[in-house]
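Q: This is the structure I have questions about; it appears just below.
The values are calculated or read from the model by the stated rules, or taken from the named source; none is laboratory data. Computed from a predicted model, the values in this text were never measured in an experiment. Backbone-built Cβ (ideal geometry, glycine too); neighbour counts: all protein chains shown. Quick note on the areas: whole protein, heavy atoms, side chains included, nothing else; ligands and nucleic acids left out. Shrake-Rupley method; radii C 1.70, N 1.55, O 1.52, S 1.80 Å.
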Amino acid sequence: MTEMARTAATEPEIPGGGQPVLDRLVALLDLEKIEENIFRGVSPAHSPVRVFGGQVAGQALVAAGRTVPEERRVHSLHAYFIRGGDPSVPIVYEVDRIRDGRSFTTRRVVAIQHGKAIFSLSASFQTDEPGIEHAEVMPEGVPAPETLPTLMERAEGYAIGAHARPRPIDLRYVNEPPWVTRETGERPARNQVWMRADGKLPDQQLLHVCVLTYASDMTLLDSVLARHGVYWDTDKVLGASLDHALWFHRPFRADEWFLYDSASPTASGARGLATGRFFAQDGTLIATVVQEGLLRVL
C-alpha cells in the first residue's frame, strides 16, 4: 500500500472541507500496484456501511489508466455495481488488457473483495485526433456558483446526516435541493448542481477524469427521487447504483466549476433511470452520464 493510500485509510476525519479533504481523495485514487495488472485500493477510515460507488468507479478507472500510455485519453466507461463493497477491507482491482489498437485501447477491470466480484468496468482510451464537432449548449439563466449557498448552508436545519460529513467535492445546488422540494410540493423535472474539487489538483489528466467519475455518482439519482417528493435521509428509501456509463467529450479540469445538469426520463420496476450532462463554466459540454439505480420506497 502506498503511503498516501495508507494515510487516507487510517487518519481521523477532518472537520470542514477544502484541500485536506481533497488530498484524501487523491490519496484514495493512488492505488498500490501489487502485481502486473493487479492493484489494491482502500476506503476512508470514516465510511458508510457500503463503499461509495463513485469511489470504486474512480479507483477502477485509475487501475485501467495505469496500464495505458499517458497520451491516450479515456473517452468512455461502462460499469456495473454487482455487490455492495465492504469499506473495512481493501479492494483488489484486476485489469484485463483487452486490446491495444493503433488509435484505441480497451481495458476491463474487475474489483474483488472476499473472493467475489463487487464491480466491473470497461473503459476505452483514444489518441487525440481531429474530426467534426458540435455540442449542446448549457442551459440559460444558471446563476454563477459563487453566488449560491454551500451544501452545508443548504442542509442547515434539515435532518440529512449524510451531508454533515466533510466532502472532497464542493456542491452548490442551483434549484432547490430535493429535501426542500419534498416539503414545498414542487416536483422538479431537472436537478442542477455546480461542482468542483474542493481544492487544487495535480496536473494529471487521468486524475481529473477520475475525480469527475467520482463526482458523477453524487446527486444523479436525486433527479429520480425529486419527481416523487421523497429523499434518502428523510424517507424510507433503499437505493443503490446498478450500472453507470460516462462519455468524456473534451478536456477539462475537475478543480474548476462544472454544472451537473441531470434529469430522469423514466422509473419503473423499483428502478430509476437518470441522465446527466457536465458543462464547464464557459458553457463547454465536457461529459455525459447515464445511470440506473435500484430505488425501493418503503
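Q: Place a +1 charge on the Cβ of each Lys and Arg in the chain and a -1 charge on the Cβ of each Asp and Glu, then give the dipole magnitude about the Cα centre in debye, rounded to the nearest 20.
A: Roughly 860 debye, rounded to the nearest 20.
Q: Something else now. Just to confirm, what accessible area per residue do you get for the stretch 222-298 at 1.4 Å probe, in whole Å²?
A: Result: 40 Å² per residue.
Q: Within the P(r) computed for the stretch 49-202, what percentage of the Cα pairs occupies the region above 21 Å?
A: 63
Q: Where does each of 31-39, 188-196 land if you order them by average Cβ count within 10 Å, highest first?
A: Highest to lowest by the protection proxy: 188-196, 31-39.
Q: Continuing with this model, one more query. Quick check: at a probe of 1.4 Å, how many percent of the accessible area of the stretch 163-204 sits on carbon and sulfur atoms?
A: Percent of accessible area from carbon and sulfur atoms in the stretch 163-204: 41.
Q: Given a 1.4 Å probe and the protein chains all in place, what does the accessible area of D233 round to, in Å² to the nearest 10?
A: Accessible area of D233: about 70 Å².
Q: Another question, if that's okay. So what's the back-of-envelope 222 nm ellipticity for the chain, counting only DSSP H runs of four-plus at -39500 (n - 2.57) apiece and dividing by all residues, rounded to 500?
A: Value at 222 nm, helices only, nearest 500: -5500 deg cm²/dmol.
Q: Between H46 and E183, take the C-beta separation as r, use R0 = 35 Å, and let me know the FRET efficiency to the nearest 0.05.
A: Step by step, r from the Cβ atoms, then E = 0.75.
Q: Once the Cβ-Cβ distance between I34 and A117 is put in as r, and R0 is 25 Å, what FRET efficiency do you end up with, to the nearest 0.05?
A: Once the sixth-power term is evaluated, E becomes 0.90.
Q: Would you indicate which of [x] 19.6; [y] 23.2; [z] 21.6 is the value of Kirkwood radius over Cα pairs in Å derived from the coordinates of this structure?
A: Only one option fits the structure, namely [x].
Q: Taking the solvent-accessible surface of protein heavy atoms with a 1.4 Å probe, what is the per residue accessible area of the stretch 69-110 in Å²?
A: Value for the stretch 69-110: 60 Å² per residue.
Q: Using +1 on the beta carbon of Lys and Arg, -1 on that of Asp and Glu, and nothing else charged, what's the dipole of the stretch 120-203 about the Cα centre, debye to 20?
A: Using Cβ point charges on Lys, Arg, Asp and Glu, the stretch 120-203 gives about 480 debye.
Q: In Å and whole numbers, how far do the C-alpha atoms of the stretch 24-75 stretch along each principal axis, longest first?
A: The Cα atoms of the stretch 24-75 stretch 36, 26, 17 Å along the principal axes, largest first.
Q: For the stretch 253-266, in order, what is each residue's ³J(HN,Hα) by Karplus, 6.51 cos²θ - 1.76 cosθ + 1.60 with θ = phi - 60°, in whole Hz (x at glycine and Pro)?
A: Per-residue couplings from phi come out as 10, 6, 9, 10, 4, 9, 8, 9, 9, 10, 8, 10, x, 6 Hz.
Q: Can you give me the % of accessible surface on the stretch 7-128 that is carbon or sulfur? Probe 1.4 Å, all protein chains present, nothing else counted.
A: Looking at the stretch 7-128 in its full context, I get 51 percent from C and S.
Q: What full-extension length gain, to one decimal in nm, is calculated for E136 and M152 as 0.36 nm per residue of separation minus the Cα-Cα distance?
A: Stretched fully, the E136-M152 segment lengthens by 2.6 nm.
Q: Rg to Rh for the stretch 188-250: what is it, with Cα atoms only and Rh by Kirkwood?
A: Reported Rg/Rh (Cα atoms, Kirkwood Rh): 1.03.
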